[in-house]
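Notes follow once the structure below has been shown.
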Amino acid sequence: QVQLVESGGGLVQAGGSLRLSCAASGSIFRIKAMGWYRQAPGKQRELVARISSDGTTTYQDSVKGRFTISRDNGKNTVYLQMNSLKPEDTAVYSCSMGFDNDYWGQGTQVTVSS
């Protein structure tokens, strides 16, 4: 069984930065795609960014140029560096493992004040 644990959320002013981390247990991390999703109150969960096992990245249009997803296979950890944050980025951010989202973390709250 894989466990994903996110950290790094918090309260930040608009224009600020945060780095989220998602640590995975087990030995399959390096062969799996990892994704960051977010869900704002009253809205559906949406994919923010994904990184495949070979390092290929994709981003939601609204975060391109501001967010960067990366992974460290030696640490079984995926990161989401978020810069130039906007109030509309406020949401619970969760990481997932696999293109089919086989596993999920518990989520971490990101709040951006204006």
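The values are calculated or read from the model by the stated rules, or taken from the named source; none is laboratory data. A quick note: this is a predicted structure, and the numbers were derived from the prediction, not measured. Note that each Cβ is placed from the backbone with ideal geometry, even for glycine, and that neighbours are counted across all protein chains shown. Calculation scope for accessible area: heavy atoms of the full protein, side chains included, ligands and nucleic acids excluded. Shrake-Rupley method; radii C 1.70, N 1.55, O 1.52, S 1.80 Å.
Counting only residues at least eight positions apart within a chain, or on another chain, the lysines with an alpha carbon under 19 Å from that of Lys43 are Lys86. For segment 10-56, the set of trypsin sites (Lys or Arg not before Pro) satisfying both a DSSP loop assignment and a count of at most 12 other C-beta atoms within 10 Å is given as Lys43.
The Cα-based radius of gyration and maximum Cα-Cα distance (Dmax) for the chain are 13.1, 41 Å.
Rolling a 1.4 angstrom probe over the protein heavy atoms with all chains in place gives the chain an accessible area of 52 Å² per residue. For a straight C-alpha distance cut-off of 22 angstrom, the lysines reachable from Lys75 (same-chain residues fewer than eight places away being disregarded) are Lys32.
To put it simply, the accessible area of the chain at a 1.4 Å probe is 46 percent carbon and sulfur. Separation of segment 72-114 from segment 30-70 is 8 Å, based on Cα centroids. Translational diffusion of segment 49-114 was estimated from the Stokes-Einstein equation, with Rh taken as the Kirkwood radius over Cα pairs; at 4 °C and 1.567 mPa s the coefficient is 100 µm²/s.
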